[in-house]
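Student: Okay, here's the structure, questions in a sec.
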Amino acid sequence: MVNNSPRSHEIVSSKHQILVADDDPVTLRMLSHYLKAAGFEVVSAKNGREATQLMSAEISVAIFDLEMPYKSGLDCLQFVKEHYHDTGVLVVSGKGEIADAVNAMKLGALEYITKPFDRDELVARVNHACWSTQLARDNRGLREAVAVPAPSSEIVAHAESSQQLMHQVSRVVPLDTTVLITGESGTGKTTVARMIHQSGPRASSPFITVNCASLPRELVEAELFGHAKGAFTGATNDRPGRVEIADNGTLFLDEIGDLPLELQPKLLTFLQDRTFQRIGSNKVYSVDVRLIAATHQDLAAMCQAKRFREDLYFRLNVISLRVPSLRERGDDIADLTRHILARIGQRRGQSALPCDKEAMAALQNFHWRGNIRELENVLERASAFCEGDTIKREDLTFDEGVTGTSETPFAPTAPVFAGKTLAEVEKLAIIDTLQAAGGNKAEAARRLGISEKGIYNKMKRHEI
């Protein structure tokens, strides 16, 4: 599935419910009016206590004023993060409450909006928050900022390659050195990054993620370094970036290979002395963060192809950890399967389903190109459609097109173009290239020999 981040003027879905809570009736009416006019369904609350009572799983985004009677905006934020993990939260603050708003972001809020707010900026922030919520609900493993323990199923380490990685992680944890984590998609690179942070001296400070592949190209710099008021259209207030919010903690740059080439010098400068400037400002900020980066791409080859700066690569590649693929972790698959099924059962309020010998043998012999993420998908489907109290071989449905086993390498079937129109051929080429690039639109555009804007236009035209 290919996920597209929305442009600021587009509504993600008219079905999204937004909870708005503010004790000022004028502000509450204005917020509700703007959001309803933009196509959202709005639930309003006049104080924090009423807001928590109105919260439900149907709410996509909650907007809380920081100063409310009965329960403050921070209290409401903590309630949502405890009971509705994937719901995006925005906070509304006055000009004198910026420090509280930044603190709210460290506690899990996606954004803050200052009074008086701009209607277009409000809609853009809510729209982006809806997209983040929907992405999180589609794949709970993807978060822009996480500070929760990694699922135990992904840190099973009986295979020799896994034990070697865990030994390397234990040596890296007490250091403050930059770490580059490499490995295929779905192997658990984010989990390793969390483990390093949570086991180290910065564990009590923020763990802030920037996914360089999921952010629109034009938003990456602002997300990283923040912006000053008036820096661009819609920048009605100063806004700190992820680097600033991660101060004293860990900044995790996921899919660093997708960082736009034109932004790489600015990141390089930051890595040299941990200083930066917000967009539109001459003020130099200094932070104390540990940097961890991850990628599934071959950065050395990208340097040779002039698609990644060599000096930045050497700055990142101080300590390199390679996460082994699931195909290299045959001894871990049985325990991983049991842990994943236990987690699925716990989530559904049911006992964990066991696998019989034939099913387990099929899992151990399969060529897992999607790694742990693919294993989780297969087990999720099997546990949903299993008729009895044990998962059998016939309950396992492997992803279409992935026909290889650990003995038979995966070989994609060549597309058949005879009899198809040029438009149909173009659509197939885009879909196949997107899949080969792991859904990375920038990389797919490069492989197709077109601009990134061009692939967005073609995806829209072909309804991909």
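The values are calculated or read from the model by the stated rules, or taken from the named source; none is laboratory data. All values reported here derive from a predicted model rather than from experimental measurement. Please note: Cβ atoms are built from the backbone with ideal geometry, for glycine as well, and neighbour counts cover all protein chains shown.
Student: Residues of the stretch 155-168 being surrounded by fewer than 20 Cβ atoms within 10 Å (Cβ to Cβ) and touching a strand residue (DSSP E or B) at 6+ places or on another chain (Cβ under 8 Å), which ones?
Tutor: Within the stretch 155-168, Gln168 is the sole residue that qualifies.
Student: Going by the structure shown, is Leu353 in contact (Cβ under 8 Å) with a residue 60 or more places away in the chain and not in a helix (DSSP H, G or I)? Quick ask: steps written out before the conclusion?
Tutor: Details: in contact (Cβ under 8 Å) with a residue 60 or more places away in the chain: no; not in a helix (DSSP H, G or I): yes.
Criteria not met by Leu353.
Student: Just wondering, is there one or more residues in the stretch 205-212 that are surrounded by fewer than 17 Cβ atoms within 10 Å (Cβ to Cβ), touching a residue at least 60 places away in the same chain (Cβ under 8 Å) and assigned by TED's automatic domain parsing to the domain that holds Ile292?
Tutor: Within the stretch 205-212, not a single residue is surrounded by fewer than 17 Cβ atoms within 10 Å (Cβ to Cβ), touching a residue at least 60 places away in the same chain (Cβ under 8 Å) and assigned by TED's automatic domain parsing to the domain that holds Ile292.
Student: In the list Ala235, Ala246, which residue meets the criterion of being modelled with pLDDT under 85 and surrounded by 16 or more Cβ atoms within 10 Å (Cβ to Cβ)? Spell out how you get there, then give the answer.
Tutor: Numbers: Ala246 fails: modelled with pLDDT under 85.
Residue meeting the stated conditions: Ala235.
Residue-wise test of (1) assigned by TED's automatic domain parsing to the domain that holds Gly183; (2) of a type in the set (A, V, I, L, M, F, W, C).
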| position | (1), (2) |
| --- | --- |
| Thr275 | yes, no |
| Val287 | yes, yes |
| Asp298 | yes, no |
| Asp311 | yes, no |
| Arg315 | yes, no |
| Arg348 | no, no |
| Asn365 | no, no |
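Student: Select from the stretch 348-395 the residues that are of a type in the set (Phe, Trp, Tyr) and closer than 25 Å to Glu328 by Cα and list them in ascending order.
Tutor: Within the stretch 348-395, the first condition is being of a type in the set (Phe, Trp, Tyr), and the residues that meet it are 366, 368, 385.
Of everything in the stretch 348-395, those that are of a type in the set (Phe, Trp, Tyr) and closer than 25 Å to Glu328 by Cα turn out to be Phe366, Trp368.
Student: For residues that are outside any helix (DSSP H, G or I) and among the polar types (S, T, N, Q), scanning just the stretch 307-338, find the one that is surrounded by the fewest Cβ atoms within 10 Å (Cβ to Cβ).
Tutor: Initially, the stretch 307-338 is screened for residues outside any helix (DSSP H, G or I), giving 307-309, 317-325, 329.
Imposing the further condition that a residue be among the polar types (S, T, N, Q) reduces the set to 317, 320, 325.
On the way: Asn317: 15, Ser320: 12, Ser325: 19.
Ranking the qualifying residues of the stretch 307-338, first place goes to Ser320.
Student: Looking at (1) among the aliphatic types (A, V, I, L, M); (2) out of contact with any strand residue (DSSP E or B) (no Cβ under 8 Å at 6 or more places or on another chain); (3) part of a helix (DSSP H, G or I), can you tell me which one Leu341 breaks?
Tutor: (2)
Student: Follow-up. Which condition from (1) free of Cβ contacts under 8 Å to residues at least 24 places away in the same chain; (2) out of contact with any strand residue (DSSP E or B) (no Cβ under 8 Å at 6 or more places or on another chain) is the one that Ala57 breaks?
Tutor: For Ala57, the failing item is (1).
Student: In addition: Could you figure out which of (1) within 16 Å of Thr390 (Cα to Cα); (2) more than 25 Å from the chain's Cα centre (by Cα) isn't true of Phe314?
Tutor: The number of the failed condition is (1).
Student: If Phe232 meets every condition in (1) closer than 30 Å to Ala444 by Cα; (2) outside any loop (DSSP other than H, G, I, E, B) apart from one, which number is that one?
Tutor: Unmet condition: (2).
Student: Sticking with this one: Can Asp118 be described as surrounded by fewer than 22 Cβ atoms within 10 Å (Cβ to Cβ) and either among the basic types (Lys, Arg) or touching a residue at least 60 places away in the same chain (Cβ under 8 Å) (or both)? If you could, list the steps in order and put the result at the bottom.
Tutor: Details: surrounded by fewer than 22 Cβ atoms within 10 Å (Cβ to Cβ): yes; either among the basic types (Lys, Arg) or touching a residue at least 60 places away in the same chain (Cβ under 8 Å) (or both): yes.
When the stated conditions are applied, Asp118 passes them.
Student: Residues that are at pLDDT 85 or above and over 20 Å from His197 (Cβ atoms), at least 2 per element: which helices (runs of 4 or more DSSP H) completely within the stretch 49-156 meet that? Don't jump to the end; show me each part of the working.
Tutor: Working: elements: 73-83, 98-106, 119-138.
Of the helices (runs of 4 or more DSSP H) lying wholly inside the stretch 49-156, those with at least 2 residues that are at pLDDT 85 or above and over 20 Å from His197 (Cβ atoms) span 73-83, 119-138.
Student: Counting just the residues of the stretch 363-395 that are over 28 Å from the mean Cα position of the chain (by Cα) and surrounded by 17 or more Cβ atoms within 10 Å (Cβ to Cβ), which one comes out modelled with the lowest pLDDT?
Tutor: Of the stretch 363-395, the ones over 28 Å from the mean Cα position of the chain (by Cα) are 364-365, 385-395.
Among the residues that remain, those that are also surrounded by 17 or more Cβ atoms within 10 Å (Cβ to Cβ) are: 386, 391, 395.
Values: Cys386: 86, Ile391: 93, Asp395: 90.
Out of the qualifying residues, it is Cys386.
Student: Go through the stretch 256-287 and count every residue that is assigned to a helix (DSSP H, G or I), surrounded by 16 or more Cβ atoms within 10 Å (Cβ to Cβ) and of a type in the set (Ser, Thr, Tyr).
Tutor: 0
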